[in-house]
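Since every read-out is calculated from the coordinates, none of them should be taken as a lab result. In this text the structure is predicted, and so the values were computed from the model without any measurement. With ideal geometry, Cβ positions are generated from the backbone for all residues, glycine too; neighbour counts draw on all protein chains shown.
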Amino acid sequence: MSGAGKRLIPLLDRVLVEKLQPKKKTAGGVLLPESAISKLNEAKVVAVGPGSRTQDGKTVPPSCREGDHVLLPEFGGSAINVDGKELYLYRDDEILAKLE
Amino acid sequence: MSGAGKRLIPLLDRVLVEKLQPKKKTAGGVLLPESAISKLNEAKVVAVGPGSRTQDGKTVPPSCREGDHVLLPEFGGSAINVDGKELYLYRDDEILAKLE
Amino acid sequence: MSGAGKRLIPLLDRVLVEKLQPKKKTAGGVLLPESAISKLNEAKVVAVGPGSRTQDGKTVPPSCREGDHVLLPEFGGSAINVDGKELYLYRDDEILAKLE
Amino acid sequence: MSGAGKRLIPLLDRVLVEKLQPKKKTAGGVLLPESAISKLNEAKVVAVGPGSRTQDGKTVPPSCREGDHVLLPEFGGSAINVDGKELYLYRDDEILAKLE
Amino acid sequence: MSGAGKRLIPLLDRVLVEKLQPKKKTAGGVLLPESAISKLNEAKVVAVGPGSRTQDGKTVPPSCREGDHVLLPEFGGSAINVDGKELYLYRDDEILAKLE
Amino acid sequence: MSGAGKRLIPLLDRVLVEKLQPKKKTAGGVLLPESAISKLNEAKVVAVGPGSRTQDGKTVPPSCREGDHVLLPEFGGSAINVDGKELYLYRDDEILAKLE
Amino acid sequence: MSGAGKRLIPLLDRVLVEKLQPKKKTAGGVLLPESAISKLNEAKVVAVGPGSRTQDGKTVPPSCREGDHVLLPEFGGSAINVDGKELYLYRDDEILAKLE
């Protein structure tokens, strides 16, 4: 996306996330076997929309906040290339859990 | 469309947009490689409808405003030729994000 | 339809339209090339129903008014032959936009 | 149906209609060409039910009245043979328009 | 069903009916031709449930009453053998009409 | 299920039932012919959940009570083996009728 | 998941469970035959989300509590590997019953 310098603000109940690379080494620096490297489904929330709309037009704030460490579903999300960085847009209710 | 001189006003929650051509050169004028040229999914909002209707008939204003710089989904939208210019109609809740 | 002399009143949120023939010549009378002649999707609203019903039975007036110049979707609408004239019935929320 | 002498009262939002035979001659008695004879989609309303139910159980009266001259959709309706006469049951919101 | 002597009470908006055999002779005793014998879609209401539930849990009484002479749809209904008698359970809103 | 000694409490609008064996002999002890032995669709209600939830979160009590003699639909229900006994879980609105 | 030391908090109406291994021996230590070992559908609730959202945005607390012993449906649930332990996320209304 050529929106260099522009801030991307998700609309409605969308959540913009950056996927976190899974750790390939133990804390002590030992290389983890492939099986131990969990699939890439953790992410950091980069931006959130105002929230979903109820049937009579009220806005319901999203469950996720900017900065949250979250667990993504195996499928879903649309990839967006922002200044060369691969980000993803999910709907708030697709995000499985928070990691605190 | 032969509505030369006529103003097109989207109905309900429809949003009329004009897709923005992706920049093919860096600021310094260097030609960008094909891979770096993001697909055409940014647009400028040309006109918006009054908004969607709730179950009991109330109108809920759209998230987008005329003049907004927005991010379009990969699919969807219906093409309309207005005085030789290719514009697109989306539903307000199809628009992914704003770029500010 | 043999309802000669009878007035056709759409029910609920239906809108009766007459499609407008696209202009085949420029204002100066020059024949337009086939490609420039936009597909037939503009129409004039001939009659409108009272409107759609909310979940608790209230009637919500349609967006279109009799006499409006409107933009039709590419698909949809049911053809009705009224006294030899080809008219079309759409649902109000299928009409894309007004041209003013 | 062997309900000889019994009155058929549609339930909920159902409408009982009798299809009208299209006129095969002009007013002056001249035989109309086959193409000019519109398909059989006009009907007279014979009886109407009390109306549809809203989500909280309220009854919403139908748009059609007994005796109305109406325009039927091309498809739909269930045929019922009442004392040898072929009648049809439609849902009120399937009826396209009234002819007045 | 071995519930000999037990009364069957339909739940929610279900209606228990017994289909009526179509008359095979005219009032005067003359055998009706096969074509004139309408398919078996008339029935007598044997028992009705309390009614359907609205979205907020209120009960809405059924349209049919015990003893009503009704018109059944061509399809639907689940057969139940009660003490050797073949009865049918329909949802109240499947019943087409009453015959009075 | 190894929940020996544990009580199974259905959640929401679920109903736990034990299917009743159809009587194979008449009251007088005479063996019934296969055709007269109705399919196994009667059951006794063993436990019921609190009930279904309305759209705004209110709980609506189930139609069935513990101890009711009920009529099951031909299909549906999930089998659960509780301490070697085959029980079934249905949704409350799947139960067809009560036998009193 | 590399969230070592992080607490996983399900969002909305999701419930995190750990499946219980079925007992392979009787209380007296005798090995159970394969047929008697029930399929793995019992679990302990590890964490619950705040609950589902009603149509107007209110939160409805889940039926399950942390620590509950529950019965899982045969299908559904998404597997999550948390620090090498296989846990599962279900929606609250998918959980069949509690064992108390």
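Remarks
- The residue in chain E that lies nearest, by its beta carbon, to the axis linking chain E with chain B is given here with the distance in whole angstrom as E:Gln55, 6.
- Checking the cross-link pairs C:Lys6/D:Lys85; E:Lys58/F:Lys44; A:Lys58/B:Lys58 against a 22 Å limit on the alpha carbon distance flags C:Lys6/D:Lys85; E:Lys58/F:Lys44 as lying beyond it.
- Set of aspartates and glutamates near D:Lys19 by C-alpha distance (under 19 Å), chain-local residues within fewer than 8 positions excluded: C:Asp83, D:Glu34, D:Glu42, D:Glu66, D:Asp68, D:Glu74, D:Asp83, D:Glu86, D:Asp92, D:Asp93, D:Glu94, D:Glu100
- Net charge of the neighbourhood of C:Glu18, taken over other residues with C-beta under 9 Å away and scored Lys/Arg +1, Asp/Glu -1, is +2.
- The stretch D:9-22 - phi-based ³J(HN,Hα) in whole Hz, Karplus 6.51/-1.76/1.60, Gly and Pro as x: 10, x, 9, 6, 9, 8, 10, 9, 10, 10, 5, 8, 6, x
- Amide proton proximity set for A:Ala47, modelled H, under 5 Å, gap of 5+: A:Leu16
- Footprinting exposure proxy for G:Lys6, E:Lys85, E:Lys98, E:Lys44 (fewest neighbouring C-beta atoms within 10 Å first): E:Lys85, E:Lys44, G:Lys6, E:Lys98
- ³J(HN,Hα), Karplus 6.51/-1.76/1.60, whole Hz, each residue of the stretch G:78-90, x for Gly, Pro: 10, 6, 9, 9, 10, 6, x, 9, 8, 10, 9, 10, 10
- Shielding of F:86-99 by partner chains, average beta-carbon count, 10 Å: 4
- Neighbour counts of other Cβ atoms within 10 Å put A:Tyr90, B:Tyr88 in the fewest-to-most order B:Tyr88, A:Tyr90.
- Each residue of the stretch A:63-70 was assigned a 3J(HN,Hα) from its phi angle through the Karplus curve 6.51 cos²θ - 1.76 cosθ + 1.60 (θ = phi - 60°); the sequence is 6, 7, 10, 4, x, 4, 9, 10 Hz, with glycine and proline shown as x.
- This ranking places D:Leu11, G:Leu31 by how few other beta-carbon atoms lie within 10 Å of each, fewest first, which gives G:Leu31, D:Leu11.
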